[in-house]
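Input: a single structure, listed below in structure tokens.
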Amino acid sequence: MSHQIAVIPGDGIGQEVTPAAVDVLESLDIDFEFVEAEAGDAVKEETGEALPAETYDLAASADATLFGAAGETAADVILPLREAVDSFVNVRPAKAYPGIDAVRPETDLIFLRENTEGVYSGHEDRLTQDVSTLTRVVTESASRQLAEYACEFVAEHGHDGFTVVHKANVMRETDGLFRETVLEVADDHGVETDEVLMDAFATQVCLDPEQFDVVVCPNLAGDVLSDLAAGLVGGLGLLPSANVGPERALFEPVHGTAPDIAGESVANPAAKIISAAMMLEYLGHDDEAGTVREAVEDVLESGPRTPDLGGDASTEDVTNAVIDRL
Ligand code: GGG
């Protein structure tokens, strides 16, 4: 069976790491139909529109989407694309790899981030020259959907339970509802939980990441805390992600466009290639996903490495080394 994959590189290094992941996928014995589409700052400059309707429609109909990176137009690109695949959870593993110089080499975390609401709901206003406002939306239904996914996730992947991270002592109504709903769903499923305030989590995960495993959190907290975890494992070039919906999913590296290195062919493709491995698992190709993961891990350990990891290899060198190992 052929899988139709929407390929949306976006801006900056998204244009370099996305083709790298496609090259890796093309080297496998799986029938893919890759359909490329435009989105982001460059297309906005050309057409006035950051996310053309045909790109949205493609993501909404393809079996899965590979996305690269969004820049200044992130709110107009990645948020609607997540909506196109009806994604309610952003799965962000943050894991240290052997041989990589990490601040906390013992880190092995999985963030399950609420993906539709919180402060990313888009209700933001400039009331006067002096005053701007943002409405933080939390619903029982979105919190429940995330919590049910988290319960299934820990059961399916053999985790003991999960940690709920929130700030319900201050945001009593919004995070209060999030906390209450997630804990109630976990209780109904007999899943073990503990809870940590998000500011305390930031300190504790730096001091002792091993005390955490699966972390369930609201949207912005998941975005920020997973980037913090990237700092513990050796950088943003190592973190993949999956935006999962009931029928479709979109796979993107956690990193953004990295304008400081864009166009120089030195971007680390690891995060995007591991995101492609997550897509292989999602599509049911577990063996090939495992092979790709092993190849990336082998290259991370023995090189070649891009400059973010202390090497001098190019994006192509690393991609070809992964393909050679497959
Ligand atoms: N591929 C990741 C990316 O494009 N990041 C840009 C960004 O600002 N993302 C916000 C988010 O993940 O919610």
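Read-outs throughout are calculated quantities, based only on the coordinates presented, and are distinct from any laboratory measurement. Bear in mind the structure is a predicted one, so any value in this text is a computation, not a measurement. Don't worry about glycine lacking a Cβ; one is built from the backbone with ideal geometry, like all the others, and counts go over all protein chains shown.
With a cut-off of 8 Å between alpha carbons and a minimum separation of six or more residues, what is the relative contact order of the range 117-175 in percent? Let's see the in-between values first.
Working: 43 pairs, mean separation 15.2, N = 59.
This gives 26 percent for the range 117-175.
Hey, how many Å between the Cα centroid of the range 164-220 and the Cα centroid of the range 243-291?
26 Å
Which percentage, to the nearest 5, of the DSSP beta bridges contained in the chain is antiparallel? Intermediate values should be presented prior to the final figure.
Numbers: 19 of 43 bridges.
The antiparallel fraction comes to roughly 45 percent.
Roughly what % of Cα-Cα distances in the chain sit above 34 Å, to the whole percent? Don't jump to the answer; show the numbers that get you there.
On the way: 10957 of 52975 pairs.
For the chain, the share of Cα pairs beyond 34 Å comes to 21 percent.
GluC sites (Glu not before Pro), restricted to the range 228-326: which are DSSP loop and have at most 11 other Cβ atoms within 10 Å?
In loop regions of the range 228-326 (DSSP not H, G, I, E or B), the sparsely surrounded GluC sites (Glu not before Pro) are GLU247.
Count charges around GLU33 for me, please; just the other residues with Cβ under 13 Å from its Cβ, Lys/Arg as +1, Asp/Glu as -1. Please list the in-between numbers first.
Values: positive: none; negative: GLU26, ASP31, GLU36, ASP63.
Neighbourhood net charge equals -4.
As a test, work out the antiparallel percent of DSSP beta bridges whose residues both lie in the range 1-156, rounded to the nearest 5. Could you put the intermediate results ahead of the total?
Numbers: 11 of 21 bridges.
In the range 1-156, DSSP labels about 50 percent of beta bridges as antiparallel.
What percent does the relative contact order of the chain come to when contacts are Cα pairs within less than 8 Å and at least six residues apart? Walk me through the numbers on the way to the answer.
Working: 704 pairs, mean separation 73.4, N = 326.
About 23 percent, as a whole number.
When GLU180, GLU156 are ordered from fewest to most other Cβ atoms inside 10 Å of their Cβ, what list results? Walk me through the intermediate numbers first.
Details: GLU180 14, GLU156 8.
Ranking GLU180, GLU156 by Cβ neighbours within 10 Å, fewest first, gives GLU156, GLU180.
What 222 nm value per residue comes from the helices of the chain, counting each DSSP H run with n ≥ 4 as -39,500 (n - 2.57) and dividing by all residues, nearest 500 deg cm²/dmol? Don't skip to the end; give the middle numbers.
Details: 11 runs with 138 residues, N = 326.
Only helices count here, giving -13500 deg cm²/dmol.
Could you pull out the chymotrypsin sites (Phe, Trp or Tyr not before Pro) across the range 195-301 that fall in loop regions by DSSP (anything but H, G, I, E, B) with no more than 16 other Cβ atoms inside 10 Å?
Numbers: sites: PHE201, PHE212, PHE251, TYR282; in loops: PHE212.
Passing sites in the range 195-301 do not exist.
Take the alpha carbon atoms of the range 62-171, find their radius of gyration, then divide it by 2.2 N^0.38 Å using N residues; give the quotient.
Working: Rg = 17.3 Å, N = 110, 2.2 N^0.38 = 13.1 Å.
Against the empirical 2.2 N^0.38 Å value, I get 1.32 for the range 62-171.
Counting other C-beta atoms within 10 Å, which of VAL131, VAL154 has the fewest, and how do the rest follow?
Working: VAL131 8, VAL154 23.
Sorted ascending by nearby Cβ count, the order is VAL131, VAL154.
What's the local net charge at GLU192, with K and R +1, D and E -1, over the other residues with C-beta under 11 Å away?
Values: positive: none; negative: ASP160, ASP187, ASP194, ASP213.
Value of the local net charge: -4.
Once you keep just the Cα pairs under 8 angstrom separated by 6 or more residues, what percentage relative contact order results for the range 228-326?
Working: 135 pairs, mean separation 24.3, N = 99.
Computed value for the range 228-326: 25 percent relative contact order.
Cross-link candidates for LYS167: which lysines have Cα within less than 30 Å, leaving aside residues fewer than 8 places away along the same chain?
Cross-link targets: LYS95.
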